[in-house]
Each structure stands twice: as C-alpha cells, then as structure tokens.
4 protein chains.
Amino acid sequence: MRIGVLTGGGDCPGLNAVIRAVVRKGISVYGYEFVGFRDGWRGPLECDTMPLDIQAVRGILPRGGTILGTSRTNPLKLEDGVERIKQNFEKLGVDALIAIGGEDTLGVAKKLHDQGVKVVGVPKTIDNDLNATDYTFGFDTAVNIAMEAIDRLHTTAESHHRALICEVMGRHAGWIALHAGMAAGANVILIPEKPFDIDKVCEYVESRFKTRYAPIIVVAEGAHPKEGQLAVQSSELDAFGHVRLGGIGEALAKEIEKRTGKEARTTVLGHIQRGGTPTAFDRVLATRFGLGAIDAVHDGDWGKMVALRGTDIVRVSLEEATAELKLVPIHRYEEAEVFFG
Amino acid sequence: MRIGVLTGGGDCPGLNAVIRAVVRKGISVYGYEFVGFRDGWRGPLECDTMPLDIQAVRGILPRGGTILGTSRTNPLKLEDGVERIKQNFEKLGVDALIAIGGEDTLGVAKKLHDQGVKVVGVPKTIDNDLNATDYTFGFDTAVNIAMEAIDRLHTTAESHHRALICEVMGRHAGWIALHAGMAAGANVILIPEKPFDIDKVCEYVESRFKTRYAPIIVVAEGAHPKEGQLAVQSSELDAFGHVRLGGIGEALAKEIEKRTGKEARTTVLGHIQRGGTPTAFDRVLATRFGLGAIDAVHDGDWGKMVALRGTDIVRVSLEEATAELKLVPIHRYEEAEVFFG
Amino acid sequence: MRIGVLTGGGDCPGLNAVIRAVVRKGISVYGYEFVGFRDGWRGPLECDTMPLDIQAVRGILPRGGTILGTSRTNPLKLEDGVERIKQNFEKLGVDALIAIGGEDTLGVAKKLHDQGVKVVGVPKTIDNDLNATDYTFGFDTAVNIAMEAIDRLHTTAESHHRALICEVMGRHAGWIALHAGMAAGANVILIPEKPFDIDKVCEYVESRFKTRYAPIIVVAEGAHPKEGQLAVQSSELDAFGHVRLGGIGEALAKEIEKRTGKEARTTVLGHIQRGGTPTAFDRVLATRFGLGAIDAVHDGDWGKMVALRGTDIVRVSLEEATAELKLVPIHRYEEAEVFFG
Amino acid sequence: MRIGVLTGGGDCPGLNAVIRAVVRKGISVYGYEFVGFRDGWRGPLECDTMPLDIQAVRGILPRGGTILGTSRTNPLKLEDGVERIKQNFEKLGVDALIAIGGEDTLGVAKKLHDQGVKVVGVPKTIDNDLNATDYTFGFDTAVNIAMEAIDRLHTTAESHHRALICEVMGRHAGWIALHAGMAAGANVILIPEKPFDIDKVCEYVESRFKTRYAPIIVVAEGAHPKEGQLAVQSSELDAFGHVRLGGIGEALAKEIEKRTGKEARTTVLGHIQRGGTPTAFDRVLATRFGLGAIDAVHDGDWGKMVALRGTDIVRVSLEEATAELKLVPIHRYEEAEVFFG
C-alpha cells in the first residue's frame, strides 16, 4: 500500500514527530510505502512530492516546523480541486492519505472522504481550539514559550514600576493566554471569549501598583473591549481610536497610559510561539497521534481523525472533529480571575 | 476557619503553586486563615509552624521545592503520632488540614480522616504512579528535564560512536523513562514493569551502531534484568555481579561494554529531575489542584483528594486514591518499542 | 564604614549579582555596613532607603531585575540635586557610594566625585556600548534570549516560505543584533552604525527564497535606511512613509512585502530581552564586578569604575568610562556579512 | 586550493559552527574546495572522507557535536602515521589542513607542520584549559548546563535539608567547576588545582545547615583530598577507601554523611555537559575562529592556531598553543571562596 502524507495550515511544533511516527511504524510494522506531498494541498494539486522513507525522517523528532512544508492552499476554492487531487492520486499510485492540519485542512479531508478517497486525519491547532480532542500538539510548547517570556517580564515590571503587556496567539480562542497567564501569574488575562471592561482592567492595574509590584497583562490577539467602549472602527484606527499600532496589545498600552498615567509597554511574541523544538508533552502526543493514524489506515477506518481523551488515543469522525470550535468555558476563566489584580 | 497546610515526601516542582492557590483563594474568596506546618508531618507532631498569608506566597508560583519544607516523618510509626497531631490541632486552633503528598502522606491523611480529623488531600508524585489521577504535577517537568538531557546526549553519541545510557527516576513505575525516552527518540527504554533481556538490549545496541549512529538507552532506576540473567545479589555487587557502581545505569554500561566491545557511558540525572521551575503544564495543574482542594474544604467534602480526569479537576476518596500503584500498561510500552533499535 | 548602593537606568540581568557580591564581601571580609537606595538617584534625593544585609541578598544571584528598584531620575537636572544628595549622605551617615548604572548614572557619579563625594562605579548597559570595558553584564543574556527566539523563527520561516524579521534592542549600537544574528544564522543583520540599502536587503531576501529556505532578518531598533531612501519623517509616519507600526521591524516588513511580493512577518522581542535569570557569563561577570567595586572602596580608589579587560577585572576613571560610546566597528560587521543572503 | 578539515578529541558544542564558517567563507570569498575527514586523524590515515560543501554545512550552526565525527586516534603512536597522512594528502590532492581539536590534535598538527605539511589549527577544549587563548568554545555551554543543573538542586536542597553534590567535568583544570559554582551560588567549590581539606569542607556543610538552608557542593571530577587524608589507593577503593562508587562526587557524599551525620546526594552531569546546542557566546566564538582559520589559510600563515585575546581573534604558533595547561590561578579561586559556607 502506498500512502500520501501532507501538512496544512500554520506550522506547529510536533508536525515532524507525527510524520516520523507514521513513517516509522508504517514501514517497519505494516510494510507500507510513503509519498510526501509538499506545502499542504498544493502538493497533491500540483503533484509536488518528496521521498518519505526511514532516512527522510531521521533526526526530525525534536525539530519544529514540518519537513513537508505547508501552505493555506484550499482545493475547495478551485472548481476542479477535488477532482485534480483524485486524478493525481491515481497517477502517483497513492492509495490513501494522511492529512495533518486544522479545521480547513480536515474540512478538505472530509470532503475528499465523502467523494470516496481513503483519508485519515490528524488534528493540528496551536490554539487548542478543536472540540473533538482534549489537547492538540504544539499548544503546550506555545504556552511554555509564552510563560517563559512572561516570567522574564516580571523582573522588569518590578524593577521599573511599569505595566507590561504580553500579546499572545489566539484569534478566536483564549487557551494560550489563559494557560500562559495562569502559569506565569499574570495580574490580568484577556481572551476573545469575554469582551473586557477597560475600566476594570485599569482598576486591576492601579490596585497592583499599590503593592510596589507592577502589573503584567496577558492579552490574546483576538481579545477586544466591550461594545460600549469601542471607538470608531477603521483599518487605520485601533479598538480605542488610536492610530493602529500593530494589535490589541499596543492599543491597550496606549489606553492604560492615558487612563492611569502609568507607563505601559507591550511585547508581541508573534511567530516565536510556534517555532522551535516541541516540549515533551507535544512530542509524545504527536508521536502517539502518528501511531494512531497509521493504525487507523491499517484498520481501513477511513474518514476518521485521531484524538486525545484523557490519556487515551481514540478515533472520531472527521464530521464531528470539525463541527465546532472549542472555546474557553466561563468556569475555566473564573479559575484564573481569582488571581487578578 | 483556620486551615493547616503541609507538604510531605520528596519535593516536586509545583508544590509552591498548590500552596499559593490554596492560600490566595482561601483568603480572598472564602476569608479563611492559614497555618503552614514545617517539614511534612514533623510540623503538626512538633507544632513547628510558619505564617501563611498573601505575603508569604508572593512570587512562589515559578519556584521549585516547597516553602513549607518536607520530610519523610511518618506519624503512624509513632505510638501516639495521630493522637499528638489531633491534640496539636486543638492547641493551634486548626480546624482542617490540606495535606499535599504521595502515597505515604495521603495514607496518614486517610488515617486521620478515619479518626475524625477534617482532611483534604492533594496528590503529589513525580513518578506519576498514582492510580486515581491522569497526571500529577512535577511529572511533566521531570520528563522535560530528562528529555533535554537525552537530546544533548544524541549529539555526543553520534560524534563518538559510543553507547550512552541515561538513568532517570522511577523506582516502581517507568513513566518518566517511557515519556522522556519516547520524546527524545531513545533507541531502547527499560522500565521496572518489564524485566529486560540483556541479549536483546545488546542486539539493539549493535544494530544501531551499524547505522553510523550511536544508541541512546534510557533506563529507569528501578529497571532490572530477567531472573535468569541475575548474578548473585549483594550490597556490594550490582545486578550483573560487578562491584556496585551507583545503580542500574552504570551496571548496564559495564555489561554492554563486556558483551559488545563498544564503549558505553552513563549519566545519572538524579535530583536535577525534581528541582527548578515547573513547566506550564505543572504550574497550571498544581494551581487547579490547589483551587480544587480549597473548594473541597469550603464544601466540607472531607476525606477526599483532588484528581485530574481528562481536563477536569474531580474529587476521589483518599481510600481510592491510595489503593494501588499506576504502572505503565503493556500497550503503552509497545507504542515505544516501535522505535527501538 | 557605611556604604550606599544604588542601581540606575534600565534594568539588566546581573544587577542583583553585583549587589550580592558587594554586600557579601563588604560585610564578611571588610566589616562594612550597607544602605540600599531605592529606584536609582531618587533614593538619595528623597532619602528612600532599604536595609541591605546578608539576609537581604540571600537567593538573589539568579534573579533578574534589581531588588533596589531603578529609575531614570537625574539629579543633574535639578538645581540643587547634587547638593541634596550630599546633605542626605551626611544625614544618613553614608561615607561612600557604589553606583551601578550606564552612561547617565555614571555621569552623575562622576559629577559627585568631582564635588568630593567618595564614589565607585559599576558599568551597566545591556547594549554593551560602553567603551571602557570589553563586556558588560546583561548583554550575554539578551543575546541568548534573542538567539533562541531567532532559532525558533527558522523552523517557521522554512515551513511557510515567509520572510521573518526579528527586531532586537540597540538604539545607538548594534551589538545585540550582531551577536544574536551571527549566533542564530541570520540572513541579514541591520544595525544603527550602518544605514542600510533597502534594495540590497530585498536582493538578499529574494536570493534566499531561491534556496527553498526563507530569510531571517535581524534588525536593531535603531537601524535605519540610507538618506536617499528616507521618506518624509513625522511622528505619524515611519521610515518608509507608512503609518507607523511600532518600529523599524514592522516598517521593514511592509516595505519588503511591497517590493518582493513575498509575505513578511515581524517579532519585536522588547522587554523579554532584559528580563529573567542571567546567563552564567553574566552572573560571573556581575559577581566579579561587585567584588572589584568593594575592593576599590576598600582601597579608597575613588572616582573609578570597574571594567573587564580580557579575563581581568581592572579599574578605569569614571571620566574615561563615560567618554564615548562603543559602536560596532566595520570589521566586525564584515565578519557577519560573509553569511548574508 | 583544496583544503581538508578534521575534528579530533572529545566533542564540544561549537565544532559545527567552526566547520560552517570555514566552508562558507572558504567557498564564497576565497573559492576553495573542501574535503571532510571522518573521525579525527582516522580520516586522513584511512582516506575516510566526506563531501564538505555549502549544502553539507547548511543548518549545522545550532547543532552540537560534529558532522565530521571525532576519535582519539593518534597517528604519532603509529610508526608510519605521519608518513601515511602525507601520502594520503597527495593521493587526495589535499593542499592544506585545518585541524580542530585540543592538545593532542594540535600536537599532531604541529608535528605535521614541522614535516612541511600546511596546517592551521583551531583550539577546542571544553575544559577551557588551553593557555594561548582567553576562552575556547564549548566551555560557556558546559558552564551554563552545569549552572542550570545546580540552580535546580538549590530548591531540593532547601526543601530536604540535604547536602547536594554536583560533579562536573574538569580532570586537570577546575574552570567549569569554578564558573558554574560561582554562577549558581555553590557553598563549596572543589577543583583539581587545590587539594581539599575534608575537615574544612565538613565545616562549611555544617555551618550552612545552621542557616536552615542546605549546602550545595560543586566538585570537578579531578578534585581530590589532601595527601594526609588519602586512604589506600586501589582500583577498587575510592579516595576515602570506600568501595569506588563512580567518582569523587559519590566518595565525597559518603564521607560527608559519615562525618556530619547529614544526608548527602550526588549528581554526576557527565556527557550532558558537552552535548546539545551551543550558547550564543560559543556560536559567535566558534564562528569567528572558523573565519580566522580560513583567513590564516588564505594568508599562507601555516603552523598557527587562532586564539581569542580580549575581543580580538589573533594567531599564535602551534608551539606556543600547546606549551602548557591553563590552570585556575589562586586569585580566581579566592574570589569564589568569599561565598563559601
């Protein structure tokens, strides 16, 4: 049997660990052959492949990124996208596909499966916002990187009596902000799920300054103030009506300075959150996902995605997997609120 | 209400995070008072206490160890141990106790509860071998420290064509060896649950050397060879009958050199696995355990221990908690075996 | 003898190590007493002090920031600043001062010394731009933090075929950009000392993309394009005439996207570069600086600053110390240029 | 011109950075060709070579170990060793050699140079014990790894009231122990240069325990007690006459327990000190050494070794380079002694 493998969407620490596990077990235990598709769905669309054998996956376990490359190419947006992929699989003698990616990638995988292609999915979202699994690999790494950055900010905050803001990833779900902020002892955590009250934020800031310690605010990139507090929206103006300064973090700093008279500084972690070597948690999870995916292939259990439930690797339908986003529930946010101010 | 807190047994990254969460929520939300007992059960036995207020727990979240100190003192081994503790609680006006520790500590907590003392337990075992919870804090930190050490060994192993052995913690359960070995791409992993065949180990070593790469062997301190291969046991002789060289790691190196003629070197990580700042996973878990414990106190749900099930913090009886050891199941070991050799 | 200690200017990993060494040796070897002044020159101006004994410096060696706090208060900007400090020293019975800081702080120290105050200086600049010493503590830590961030960006750059820009500290001197960029294998390094040619930068970017690898550009916050390429300057417009997006990094990304049609993303490390625990190099250097400073006090060698020359701690006059900025010499930049593109 | 490159002796973080710099500048600036010799002097002796071009050195900058492999093979121990190497150079069309290694490797390089072979040397000793250079790459990485391990031990030492011993590298010179111990705030540092007084060590241990903190002892593998305190020496018995337990660290623990009645535990860092990614200091130093070496080749300045003096890369004769070991001078040890106990 000849199996194609691709990685789609944003890169994530652990992708290489999945690829390695799939290939190692696929070859040594099941005797399969593999084809690597380059840059997500662009690979099967354009027949851009690379060899994927034991040698190709040697030493990639600790490496971030993906040796297959990735892209946001979406075949569903092409009239004949799905058709071309099916034809190319035939042409390349590819019997089945393991698609590693997030909502979009798995959505395409589901569509292919509906059309009779043999597909198994592996979930990937650094934001941890996929509902069908307890955790996705990459998330733990991102949280640790953000936590270490916030740990560093503490010493400066205390030495300078200056409010420090750390903007982390999370467009729709605030999991990284919640976990990193809770782990690093943030004084305020702002997430997309709960529009914030800027007055309340400034209260926390001022009460914190009274302790001779300075406040650390962790804000998810997708966080935003309450309706009433929103200034005119425009591509040139940020949430508070200032000239846009690269995101909610900068905007928040300006607003806090204006309202409290205290200095505020912002750090935007950006891409360093998704780069570098994965944590042990992510390497083990990604490896187990890879093993689970190739087992599903072996069982001919198509249209499924591997997922983590407790400490077990289970299989769920691609349907269920992509059904809805996993947002931070209010009770988890309230746990963190105990430590605000 | 006045609540005592103690930490018992070996120290573990995350203990301070539990203490902080208990005290922060206990004071700010429930309005409790706290007494810190020094050095595990020695504290209540000898009335050795320290103040435990907001100020005392400031800045301890990222710090390893425990500000309360710990010890292996076991009141059950004293004729009047339990009695003295009850008397001292009365003397100090302590209404309830939060005991943070492993099997022994929680065993004492259970006994006290049986005798009418109001107790809530928080599980702590760096080996992750407690059956009632998916994970315990400290484990993830230990696994990451071991993984980083093994990552480092890879480069030397490959440059020197020398077998490298890394001895990690795990007297009865091989969880740290399994996860660290799987995460760092070990060529062989040896755990207490599965007595190893030295001939098989040497086969892996030799097959690995054929690839121009050198083997990395991760061995839990409690791992041991099969019956038949055991030499005379004596305090002076190790498992292979060599003069004892400080553990199974050293013994294994000697035996591999003898049998394969290849150089072998051992690193014993020892206490560095349980020291230093906790990972984000452990800080979040420990914080949530602390919040869960003080909530149990507030609910008057005595004789319970907090535990992790999936992503939820639940409560189990101290009875259940200490019933049996959680060992590595064979199917988890077989996952790792795919990558041996 | 009673000695005052203060830390001025931006905080820097290693400040606490200096304070600890000064106090430990001062008390145990020379039998001195110490007074800690809070928040740089604000302390002596306002008699804001804190106790500084063995207990106060326990455990601070690995901690970033400064237990004394810091500020940019400059007594020379007050009419009677120097006078007030002299009076307060008399009032507090302070016989001599150890001033730990950068150009400004040491400038004040020099002025005080000119007026007969017994002062010894310890150099502190995270940018490593002080001419009288080979290195200053904090620099090595900042470079390692930046390097680790850039290491992380590599994996993403390669997986996404996207240009990644990392903006690091360095307003006037490019030492952090040079060392971090050289250490992390940057494809282009831009420093304030050498106005860059945007056409050349885009050439490097495009040639790099041809290798299937993506370019990493490290830019010091003070770097800027050549005269000819400068757009109208205004507080609202950045170096390229775009609406300001928070610095040269963002501006560069926009310009590269415009000129090459390739995606570009920016990470601004900001304050995480100056926070957290110091590296071994910085802890040893800071400790030796502290020992050297208290020895200078013991020798009554006033008006001097400690400095590193090779592996030796020497003394230079505060005059010489603050004479001129240490910029990156052209031959050092040319070393790095070998690896551009 | 065709240039051979080899790495000899123990591996060291930074070797790959040297190789990369040599090849990158050699090809892009000077237009040379390169041959990689495998496993130190074994390569030229047995004509075991590998291609060494731009592609071969891509991505190796952050990687520990050496892509060329290394060994302790010494041609001077073979009757016709030097002769064979000269013949093989002719056979392979190798015009000159860059030898990267320590005393032994550079000793052979010097002998070859005496016999008319065109050689340039690059110093490599993780122990930093080469007299002709201020620092060698790899040392800073080893010191940081050891420091981080000792940082971790602090938390356990304090929680358990247990003396912790950390054995680090350093057979003849105590630089790693001195710097790591000074950086991590060790209570005692023992180095080969100064035979220790076990009574004094135990005094420090006991005085430290009086502070409710526990002592951390850093000991170089080559450290040993004073003559008078030496028990019978034998391969089976350690320095104190106990059955050998794998080094001075274990022996010291046993002796301290015997004399003070306090628990003592040992961690032996071993090979993790020389593995893994280099620090920024080592990557920059190794890169500059590589650039300096290829420049020396271009200048035809044979028989020289590159060295660091202050912040400059200079050239010294191989003669001078290997003349004598750089030991820790007494005044540097006395700096550290201020913090003992």
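Within the stretch B:139-160, identify whether any single residue is under 17 Å from residue B:303 (Cα atoms) and of a type outside the set (Gly, Ala, Ser), and answer yes or no. Lay out the reasoning, then the answer.
Keep residues of the stretch B:139-160 that are under 17 Å from residue B:303 (Cα atoms), which gives none.
No, the stretch B:139-160 has no match at all.
Which of (1) at pLDDT below 90; (2) open to solvent by 50 Å² or more (accessible area, probe 1.4 Å); (3) out of contact with any Gly (no Cβ under 7 Å at 6 or more places or on another chain) is the odd one out, the single condition residue C:261 does not satisfy?
(1)
Within the stretch C:106-125, how many residues turn out to be open to solvent by less than 10 Å² (accessible area, probe 1.4 Å) and in contact (Cβ under 8 Å) with a residue 40 or more places away in the chain? Spell out the reasoning first.
Here is the first cut: in the stretch C:106-125, the ones open to solvent by less than 10 Å² (accessible area, probe 1.4 Å) are C:106, C:108-109, C:112, C:119-123.
After this cut, where a residue has to be in contact (Cβ under 8 Å) with a residue 40 or more places away in the chain as well, the list is C:106, C:108-109, C:119-123.
Here the count works out to 8.
Quick one: would you say residue B:128 is within 14 Å of chain D (Cβ to nearest Cβ), touching a Ser or Thr at 6+ places or on another chain (Cβ under 8 Å) and farther than 21 Å from residue B:210 by Cα?
Values: within 14 Å of chain D (Cβ to nearest Cβ): no; touching a Ser or Thr at 6+ places or on another chain (Cβ under 8 Å): yes; farther than 21 Å from residue B:210 by Cα: yes.
No.
Look through the stretch C:317-341, keep the residues that are over 30 Å from residue C:216 (Cα atoms) and open to solvent by less than 10 Å² (accessible area, probe 1.4 Å), and return whichever of them is nearest to the other protein chains (Cβ to nearest Cβ). Steps first, please.
Step one: filter the stretch C:317-341 for residues over 30 Å from residue C:216 (Cα atoms), giving C:317-324.
Restricting the remaining residues to those that are open to solvent by less than 10 Å² (accessible area, probe 1.4 Å) gives C:318, C:321.
Numbers: C:318: 22, C:321: 17 Å.
In this case the residue turns out to be C:321.
Take the residues in the stretch C:268-291 that are closer than 14 Å to residue D:182 by Cβ and free of Cβ contacts under 8 Å to residues at least 40 places away in the same chain, then tell me which one is surrounded by the fewest Cβ atoms within 10 Å (Cβ to Cβ). Outline the logic, then answer.
Within the stretch C:268-291, the first condition is being closer than 14 Å to residue D:182 by Cβ, and the residues that meet it are C:278-291.
This time we only want the ones that are free of Cβ contacts under 8 Å to residues at least 40 places away in the same chain, so: C:280, C:284.
Values: C:280: 28, C:284: 25.
That would be C:284.
Starting from the stretch C:327-339, keep only residues that are aromatic (Phe, Trp, Tyr), then list their pairs with residues that are open to solvent by 40 Å² or more (accessible area, probe 1.4 Å) and part of a loop (DSSP other than H, G, I, E, B) whose Cβ atoms are within a distance under 9 Å, requiring at least 6 positions of separation or different chains.
The qualifying pairs are C:333/C:193; C:333/C:194.
Report, by residue number, each residue of the stretch B:293-302 that is of a type in the set (Gly, Ala, Ser) and open to solvent by less than 10 Å² (accessible area, probe 1.4 Å). So that I can check it myself, show each step before the final result.
In the first step, residues of the stretch B:293-302 are kept if they are of a type in the set (Gly, Ala, Ser); the result is B:293, B:296, B:300.
Matches in the stretch B:293-302: B:293, B:296.
Name the residues in the stretch C:33-47 that are among the acidic types (Asp, Glu) and open to solvent by less than 40 Å² (accessible area, probe 1.4 Å), would you?
Going through the stretch C:33-47, the residues among the acidic types (Asp, Glu) turn out to be C:33, C:39, C:46.
C:39, the sole residue that qualifies.
Scan the stretch C:130-155 residue by residue and report those that are open to solvent by less than 20 Å² (accessible area, probe 1.4 Å) and within 30 Å of residue C:3 (Cβ to Cβ).
Pass one, the stretch C:130-155, residues open to solvent by less than 20 Å² (accessible area, probe 1.4 Å): C:130, C:132-133, C:136-147, C:149-150, C:153.
Result: C:130, C:132, C:133, C:136, C:137, C:138, C:139, C:140, C:141, C:142.
Could you please let me know if residue B:91 is over 20 Å from residue B:186 (Cβ atoms), among the charged types (D, E, K, R) and open to solvent by 60 Å² or more (accessible area, probe 1.4 Å)?
Numbers: over 20 Å from residue B:186 (Cβ atoms): yes; among the charged types (D, E, K, R): yes; open to solvent by 60 Å² or more (accessible area, probe 1.4 Å): yes.
It is true that residue B:91 is over 20 Å from residue B:186 (Cβ atoms), among the charged types (D, E, K, R) and open to solvent by 60 Å² or more (accessible area, probe 1.4 Å).
Cβ-Cβ below 6 Å, separation at least six or inter-chain, first residue in the stretch C:174-199 and in the same structural domain as residue C:214 (by TED's automatic domain parsing) and on the phi > 0 side of the Ramachandran plot, second in a loop (DSSP other than H, G, I, E, B) and not hydroxyl-bearing (Ser, Thr, Tyr): which pairs?
Partner pairs satisfying both residue conditions: C:185/D:61.
Out of all the residues in the stretch D:50-92, which are among the basic types (Lys, Arg) and without any contact (Cβ under 8 Å) to a residue 60 or more places away in the chain? Walk me through how you get there before you give the answer.
Residues of the stretch D:50-92 that are among the basic types (Lys, Arg), as a first pass: D:58, D:63, D:72, D:77, D:84, D:86, D:91.
D:58, D:77, D:84, D:86, D:91, listed by residue number.
Residues that are within 14 Å of chain A (Cβ to nearest Cβ): find the helices (runs of 4 or more DSSP H) completely inside the stretch C:1-110 holding 1 or more of those. Before you say what the answer is, go through the steps one by one.
Values: elements: C:15-28, C:42-46, C:81-92.
Where helices (runs of 4 or more DSSP H) fall fully within the stretch C:1-110 and carry at least 1 residues being within 14 Å of chain A (Cβ to nearest Cβ), they are C:15-28, C:42-46.
I want to confirm something. Restricting to the stretch A:135-169 and keeping residues that are among the hydroxyl-bearing types (Ser, Thr, Tyr) and part of a helix (DSSP H, G or I), which single residue is farthest from the other protein chains (Cβ to nearest Cβ)? Walk me through how you get there before you give the answer.
Within the stretch A:135-169, the first condition is being among the hydroxyl-bearing types (Ser, Thr, Tyr), and the residues that meet it are A:135-136, A:141, A:155-156, A:159.
Restricting the remaining residues to those that are part of a helix (DSSP H, G or I) gives A:141, A:155-156, A:159.
Working: A:141: 9, A:155: 3, A:156: 5, A:159: 4 Å.
The residue in question is A:141.
So residue A:238 passes all but one of these: (1) modelled with pLDDT under 90; (2) away from chain C (no Cβ under 14 Å). Which condition number does it fail?
All conditions are met except number (2).
So which residues in the stretch D:173-210 are among the hydroxyl-bearing types (Ser, Thr, Tyr) and in contact with a strand residue (DSSP E or B) (Cβ under 6 Å, 6 or more places away or on another chain), if there are any at all?
The answer is D:204, and nothing else.
Can you name the residue in the stretch C:156-196 that is in contact with a Pro (Cβ under 8 Å, 6 or more places away or on another chain) and open to solvent by 20 Å² or more (accessible area, probe 1.4 Å) and, of all such residues, is farthest from residue C:325 (Cα to Cα)?
C:195
Does residue C:70 meet the test of being at pLDDT below 95 and open to solvent by less than 10 Å² (accessible area, probe 1.4 Å)?
Details: at pLDDT below 95: yes; open to solvent by less than 10 Å² (accessible area, probe 1.4 Å): yes.
So residue C:70 fits the description; yes.
Check A:100, A:19, A:3 and return the single one that is open to solvent by less than 10 Å² (accessible area, probe 1.4 Å), in contact with a helix residue (DSSP H, G or I) (Cβ under 6 Å, 6 or more places away or on another chain) and hydrophobic (A, V, I, L, M, F, W, C).
Working: A:19 fails: in contact with a helix residue (DSSP H, G or I) (Cβ under 6 Å, 6 or more places away or on another chain); A:3 fails: in contact with a helix residue (DSSP H, G or I) (Cβ under 6 Å, 6 or more places away or on another chain).
After ruling out the rest, the residue left standing is A:100.
The values are calculated or read from the model by the stated rules, or taken from the named source; none is laboratory data. Please read all numbers here as calculations on a predicted model, not as lab measurements. For neighbour counting, all protein chains shown are included, and Cβ atoms are generated from backbone atoms with ideal geometry for every residue, glycine included. Ligands, DNA and RNA are excluded from the accessible area calculation, which covers all protein heavy atoms including side chains. Shrake-Rupley method; radii C 1.70, N 1.55, O 1.52, S 1.80 Å.
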